[in-house]
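Undergrad: One structure is given below, represented as structure tokens, and several questions about it will come after.
The values are calculated or read from the model by the stated rules, or taken from the named source; none is laboratory data. In this text the structure is predicted, and so the values were computed from the model without any measurement. Using ideal geometry, Cβ is built from the backbone for each residue, glycine included, and neighbour counts are taken over all protein chains shown. Accessible surface is based on the protein model in full, side chains and every heavy atom, while ligands, DNA and RNA are left aside. Shrake-Rupley method; radii C 1.70, N 1.55, O 1.52, S 1.80 Å.
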Amino acid sequence: MAQLTLLDILNLESFVREQDAYFDAAFLRDLFSSKIVRSQATGKDGVRVPAFEGRLATEAQLIARKISAGTYRFTTYKERLILRGAKRAPRQISIPTVRDRLTLRAICQLLHDHIPPTRSVTPHTLVKRVVAHIREGDQAANSFVRIDVENFFPSLSHPILQRELRKAGVIPLVQNLCSMAITNPTGSPSPLPDRGVPQGLSISGALAALYMLRFDEQQLRSNPSYFRYVDDILYICPTKDADDLLRTVSAKLRARGLKIHAKGTAGKTEISPVQDGVDFLGYRITRGKVSIRESSYKRMFNNLQGVLTDFKHRRDTEKTLFRLNLKITGCIVDKRRRGWMMFFSYTECLSQLKFLDIFIDRQLARVGFPVEKRPEVKRFVKSHHEIKFNLSQTSYIPNFDEFDVNQMTTAISAMTRHTIEEISTWDIERVQREFGRVIAHEVQDLERDVGSPS
């Protein structure tokens, strides 16, 4: 083994000190304010975010002390099951306590900062790359090879993941925390598995990205038209090579403990000519046009119908107007774009958006929404334009990070039974706290609107 130089030793010591800083009490307090405070989820201990916030200083010191001493332990995660349709097992989501969520956020931030590829690229970025690639030249003789990994997160091997953490230079302290986090049981105590990363943790995506990092590097070296988003993989290659590529990639993934869906599984693993198009990350991509995948498009009709049916029974005009507009435009919160239109803003098929606007007009009339309030209902076509060309300047798309007290008050009044007069008597901290609670609930609903991009 080569001898470490003095510079190597100093760099290593600096890296260790930097990683320790992520568990400093002051850093944890700042992280809570930026990443946790609006969350509504509660773990096994039943402690809610507002109660935790009331003793944040003490909790941050406790986390810092226990991690430094090597005695930090995660509480069993609360289980949440998400149905995935007939004949499919539900997806298990793990919900940590607020304390554990804060600790996991610190680990996640460390991984992102020191191993940049653990920050997954956005679906938009990948879709743009795919479209650019197929439009650069004559693709008549090429095919899409789409591959979907079966049970991706539950299949990740712990020994392989630990090896990748070591190779990335992550200190043993953080390696151990990651190991404890992914072997911590969900629901009820059970034997510790040797594979699988719980879904729902802030570190899940970062660890999965690290797990696949070497595979990604190898594939990009051999095929620049390789694209991956979590467990959804896409290649563009000559049609005559497609079957061989599929077999080769399947073997390489199997070597990492991953199995793909069989060829021909609808919407999963398939080969299709570029000219016929492919469904990828919620979009339908062809050489001529990018549109919204049929299942994703239909989901929005159901989402809109749900809001308007609720109005039919409750007759709450202001709440319906707020929720309906949010469904249409999406929003910015915590510096992130949220919502269906934000996700699908790369579509080139405006006819789909125009029909959604027509559908809303018809449904507003059907449920008897007040005529004088209908002009305040926003439009998908205009939202698409503002997101694509004017997002930094527009007031059409709500940016909740920039709402003043009056705007917060109006939103709270629209979404709760509190009147504007009542809210005006609250102190600013209470207004901000209630606004954060209301928006967190609505943003969760927006995320469900998008559904799984796979």
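Undergrad: Taking the Cα centre of segment 345-429 as origin, work out the dipole magnitude from +1 charges on Lys and Arg Cβ and -1 charges on Asp and Glu Cβ, in debye rounded to 20.
TA: Taking the Cα centre of segment 345-429 as origin, the dipole is about 740 debye.
Undergrad: Only helical DSSP H runs with n ≥ 4 go in: add -39500 (n - 2.57) per run for the chain, normalise by residue count and round the 222 nm mean residue ellipticity to 500 deg cm²/dmol. Please report the intermediate quantities before stating the final value.
TA: Numbers: 19 runs with 236 residues, N = 454.
Rounded to the nearest 500, the figure is -16500 deg cm²/dmol.
Undergrad: Measure of size requested: the Rg and Dmax of segment 345-437, with Cα atoms as the atom set and Å as the unit; please supply both.
TA: When restricted to the Cα atoms of segment 345-437, Rg and Dmax are 16.7, 48 Å.
Undergrad: From Cα pairs below 8 angstrom and at least 6 apart in sequence, can you work out the relative contact order of segment 75-168, rounded to a whole percent?
TA: For segment 75-168, the relative contact order is 15 percent.
Undergrad: Just how far, in whole angstrom, is segment 152-171 from segment 18-57 if you go by their alpha carbon centroids?
TA: 26 Å
Undergrad: Still on this model: Taking a ≥ b ≥ c as the square roots of the Cα gyration tensor eigenvalues, with a/c under 1.5 meaning rounded and otherwise prolate when a/b beats b/c, else oblate, which class fits segment 236-299?
TA: oblate
Undergrad: Contour minus end-to-end for Lys312 and Glu447, with contour as 0.36 nm per residue of separation and end-to-end as the Cα-Cα distance?
TA: Computed gain between Lys312 and Glu447 is 46.2 nm.
Undergrad: Relative to the compact globular guide of 2.2 N^0.38 Å, what is the alpha carbon radius of gyration of segment 181-242, as a ratio?
TA: 1.53
Undergrad: Taking all protein chains in place and a 1.4 Å probe, what share, in percent, of the accessible surface of the chain do carbon and sulfur account for? Before the final figure, lay out the partial values.
TA: On the way: 11470 of 22520 Å².
Carbon with sulfur: 51 percent of the solvent-accessible area.
Undergrad: For Lys388 and Asp361 in the same chain, what is the full-extension length gain: residue separation times 0.36 nm, less their Cα-Cα distance, in nm?
TA: Extra length available between Lys388 and Asp361 comes to 7.3 nm.
Undergrad: I've got another one for you. Mind listing which trypsin sites (Lys or Arg not before Pro) in segment 230-269 are in a DSSP loop and have 14 or fewer other Cβ atoms within 10 Å?
TA: Numbers: sites: Lys240, Arg247, Lys252, Arg254, Arg256, Lys259, Lys263, Lys268; in loops: Arg256, Lys259, Lys263, Lys268.
Within segment 230-269, the qualifying trypsin sites (Lys or Arg not before Pro) (loop, at most 14 other Cβ atoms within 10 Å) are Lys259.
Undergrad: For the pairs Lys35/Lys298; Lys78/Lys335; Lys35/Lys378; Lys44/Lys335; Lys87/Lys268; Lys240/Lys263, flag any whose C-alpha to C-alpha distance is greater than 21 Å.
TA: Beyond 21 Å between Cα atoms: Lys35/Lys298; Lys78/Lys335; Lys35/Lys378; Lys44/Lys335.
Undergrad: For Ser157, list long-range residues whose amide hydrogen, built 1.01 Å from N in the peptide plane, is under 5 Å from its own amide hydrogen.
TA: Excluding prolines and chain starts, which carry no amide H, the hits are Gly196.
Undergrad: Shifting gears a bit: Taking square-rooted eigenvalues a ≥ b ≥ c of the alpha carbon gyration tensor, is the chain rounded, prolate or oblate, where a/c under 1.5 means rounded and, failing that, a/b exceeding b/c means prolate? Don't skip to the end; give the middle numbers.
TA: Numbers: a/c = 1.91, a/b = 1.10, b/c = 1.74.
It is oblate, given that a/c is not under 1.5 and a/b is not larger than b/c.
Undergrad: Moving on. At 37 °C and 0.692 mPa s, what whole-number value in µm²/s does Stokes-Einstein give for the translational diffusion of segment 217-363, with Rh from the Kirkwood sum over Cα pairs?
TA: Working: Rh = 18.3 Å.
My calculation gives 180 µm²/s for D.
Undergrad: Still on this structure, I have one more. Between Arg119 and Leu350, what FRET efficiency follows from the Cβ-Cβ distance if R0 is 35 Å, with the result rounded to 0.05?
TA: Efficiency computed from Cβ-Cβ geometry: 0.65.
Undergrad: Right, here's the next one. Can you give me the accessible area per residue for the chain, using a 1.4 Å probe, in Å²?
TA: 50 Å²
Undergrad: Report the calculated FRET efficiency for Ala140 and Asn406 (r = Cβ-Cβ distance, R0 = 41 Å), to the nearest 0.05.
TA: 0.10
Undergrad: Compute the FRET efficiency between Arg214 and Ala69 as 1/(1 + (r/R0)^6), taking r as their Cβ-Cβ distance and R0 = 35 Å, and round to the nearest 0.05.
TA: 0.55
Undergrad: On a C-alpha basis, how far is the centre of segment 194-242 from the centre of segment 278-309 in Å? Whole number, if you could?
TA: Their Cα centres are 24 Å away from one another.
Undergrad: Express in whole angstrom the spacing between the alpha-carbon centres of segment 369-385 and segment 93-126.
TA: 36 Å
Undergrad: So if each residue of separation counts as 0.36 nm, and I subtract the Cα-Cα distance between Ala266 and Glu79, what length gain in nm does that give? It would help to have the intermediate numbers written out before the result.
TA: Working: separation 187, 0.36 × 187 = 67.32 nm, distance 2.96 nm.
Gain on extension, Ala266 to Glu79, equals 64.4 nm.
Undergrad: Checking the a/c ratio against 1.5 first, then a/b against b/c, what shape does the Cα gyration tensor give for segment 20-88?
TA: Prolate, because a/c is 1.5 or more and a/b exceeds b/c.
Undergrad: Also, quick follow-up: Please report the antiparallel percentage of the DSSP beta bridges confined to the chain, to the nearest 5.
TA: Roughly 90 percent of the beta bridges in the chain run antiparallel, per DSSP.
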